[in-house]
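Beneath this line is the structure, given in structure tokens, with notes to follow.
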Amino acid sequence: MSPFVPTTKLQVTGHKFLVARLNHALTRFDTSMRHDPARSVVQALMAGFMVAALIAGGALALAYFKPQGLRGDARIVQARESMELFVDIDGKLHPAINLVSAQLIAGKPDRPAVVKAAEVAGMPRGPLVGIPGAPGRVFQPAQTDSVWAVCDVINHPGTTRPGVETAVIASDQQQIIGQDPSAARIVQGPDGATWLLNGGMRHRINVADSALVLGLGLQRFPTIDTISEQLFNTIPAGRPIESPAIPGAGSPTPYPVAPGVVVGSVIRVPQAESHQWYVALGDGVQPISGVLASVLRNTNAYGAQVAPTVSQDVVAHLPAAAPGLDVSMFPDKPLHSAPALSDPVTCWQWVKRAGEQQAKAALAFLPGLPLREQQQRMWRHELVSRPGVSMYAPPDSGYFVQTTGSDPRSPAKETLWWVSDAGVRYGLAPAQQQGGTSAATALGLSSPLPMPWSVLAILAAGPTLSKSAALIGHDTLPADPAAVVVNEGISATTTQSAPSSTTPATAPPPPAPPPPPPPPVTITETKPAPPPPPAAPPPPPEEEGNP
């Protein structure tokens with residue numbers, strides 16, 4: 001039999017009961033254990049521990065969510081009672097117009113330390129500083145894809161707002177890239193010329209050239225629509241689409257092809273399931289699309305009722321034209337006009353996904369904006385300084401962008417900007433203008449997304465965010481020269497109401513112009529002076545007896 005016998009749970013609980021009974025007999029002189037005051041003491045002690053833990057937890061939560069208001073070494077502080085914002089400049093608290101200005105002065109994206117008004121009142125004060133019109137806050141966006149769209153909405157005569165309205169959309173709610181690539185629209189640009197919109201680009205076109213227009217698949221007399229200057233400048237310009245000039249057209253080919261084939265003739269080559277088109281040039285043949293074949297035959301068929309047919313083995317032994325005609329501006333398939341009555345919206349979208357080396361751009365003609373009805377109501381911000389232009393972006397959003405070209409192949413990486421959800425662009429000063437720290441770093445921004453400059457230029461121009469601009473002192477803030485009156489129930493407008501029939505027709509004299517504002521005063525930060533150089537050690541004393 002083993003000398004070690006395992007103890008059971010029943011034996012352990014029995015031993016504890018006997019020990020408790022002995023303690024009860026020694027202290028109470030009673031072994032019945034009808035009443036156990038020791039258990040009450042333990043329960044009271046545990047209850048006390050729980051109450052103390054709750055009080056300590058509440059104190060910690062109160063200290064975290066509503067601190068006592070000790071400033072410490074924080075440079076940006078906010079008075080708890082008045083919510084007024086201050087920034088410390090050389091030991092003086094200066095009222096700051098906004099948090100962004102205070103962060104630019106401090107050089108880092110610190111949150112304000114909320115303190116009591118008494119602590120603020122106990123420090124010396126300086127003048128008001130900051131950038132008027134700067135955004136209320138700047139934060140690191142969560143977007144990884146750059147998706148921008150510029151859309152023209154054609155409002156026909158008879159509607160409430162006739163003309164063309166432009167919308168800048170910062171959203172990927174509807175992917176328009178990949179939609180009908182053969183849809184096209186002919187518009188008259190701000191320069192007075194006619195342009196063909198297709199494939200994400202605009203091409204100058206002569207609508208009087210019926211051979212060209214019919215060859216592209218469009219109507220003989222196409223409808224010419226309107227385009228805004230904003231969308232026109234956004235769409236990259238391609239090469240003009242025109243009937244190519246063929247050197248030596250009509251002369252015999254120096255190589256045998258087929259009877260009746262001359263330089264400039266279009267050749268048809270049957271294939272297994274379709275056919276291929278070629279054009280005969282002076283030094284050889286060149287493959288072309290069916291659209292260009294129609295354009296060339298509409299221009300001059302050289303007496304042939306149908307295109308001459310040549311077998312594949314004959315074409316395979318013909319010389320190839322070098323370099324040939326530039327046919328890059330012609331579409332591969334016939335186009336069709338997008339009617340403005342059913343599709344009054346023209347959208348150009350630019351997309352650069354995370355991890356992709358090249359962006360994509362496309363044009364689409366839609367019955368409405370590529371947003372849901374609720375988003376069109378909730379996301380719209382009309383730009384006061386850009387009549388007829390609106391920004392559509394999710395509320396409380398923002399975008400840290402770096403400008404690039406409209407061409408999807410553009411490798412440009414230029415200036416940095418912050419774009420607010422209200423459609424205002426703010427330039428961010430580089431490090432050399434910030435004393436070593438860029439405005440983006442001071443505001444906690446990193447990894448900008450690319451954005452075409454042509455799209456960014458449509459938005460309202462805000463002030464440049466820089467430390468030097470934030471350090472300018474003010475007594476009062478200047479009025480916005482582009483401000484308009486916003487009436488209740490009426491959109492912002494600059495138009496004046498008609499005079500009442502009961503008021504005289506003469507207008508009151510204009511008020512006297514205000515005096516010119518004083519020049520701005522820049523608050524300079526005092527930099528600590530370098531310590532003085534250490535004094536030279538005294539010469540060693542001469543020893544006695546030295547000569």
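At a glance:
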| read-out | value |
| --- | --- |
| Set 319, 323, 395: member being modelled with pLDDT under 90 and surrounded by fewer than 19 Cβ atoms within 10 Å (Cβ to Cβ) | 323 |
| Residues (part of a strand (DSSP E or B) and either touching a Lys or Arg at 6+ places or on another chain (Cβ under 7 Å) or free of Cβ contacts under 8 Å to residues at least 40 places away in the same chain (or both)) located in region 98-132 | 113, 114, 115, 125 |
| Among the candidates 438, 446, residue that is touching a residue at least 24 places away in the same chain (Cβ under 8 Å), small (Gly, Ala, Ser) and under 23 Å from residue 101 (Cα atoms) | 446 |
| Some residue of region 189-211 being farther than 16 Å from residue 330 by Cα, buried (at least 17 other Cβ atoms within 10 Å of the Cβ) and at pLDDT below 95 | yes |
| From 56, 20, 25, residue being at pLDDT 85 or above and small (Gly, Ala, Ser) | 56 |
| All positions within region 187-225 that are closer than 26 Å to residue 359 by Cβ and assigned to a strand (DSSP E or B) | 187, 195, 196, 197, 198, 201, 202, 203, 204, 205 |
| Every residue from region 85-97 that is assigned to a strand (DSSP E or B) and either without any contact (Cβ under 8 Å) to a residue 40 or more places away in the chain or hydrophobic (A, V, I, L, M, F, W, C) (or both) | 85, 86, 87, 88, 89, 92, 93, 95, 96 |
| Checking residue 348 against (1) farther than 30 Å from residue 454 by Cα; (2) within 42 Å of the chain's Cα centre (by Cα); (3) hydrophobic (A, V, I, L, M, F, W, C), the condition it does not meet | (1) |
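Residue-wise test of (1) surrounded by 13 or more Cβ atoms within 10 Å (Cβ to Cβ); (2) of a type in the set (Val, Ile, Thr).
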{"site": "291", "(1), (2)": "yes, yes"}
{"site": "307", "(1), (2)": "yes, no"}
{"site": "310", "(1), (2)": "yes, yes"}
{"site": "342", "(1), (2)": "no, no"}
{"site": "346", "(1), (2)": "yes, yes"}
{"site": "351", "(1), (2)": "yes, yes"}
{"site": "366", "(1), (2)": "yes, no"}
{"site": "378", "(1), (2)": "no, no"}
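The values are calculated or read from the model by the stated rules, or taken from the named source; none is laboratory data. What you see is a predicted model; the values in this text were computed from it and never measured. Methodologically, a virtual Cβ is constructed for each residue, glycine included, from the backbone with ideal geometry; neighbour enumeration extends over all protein chains shown.
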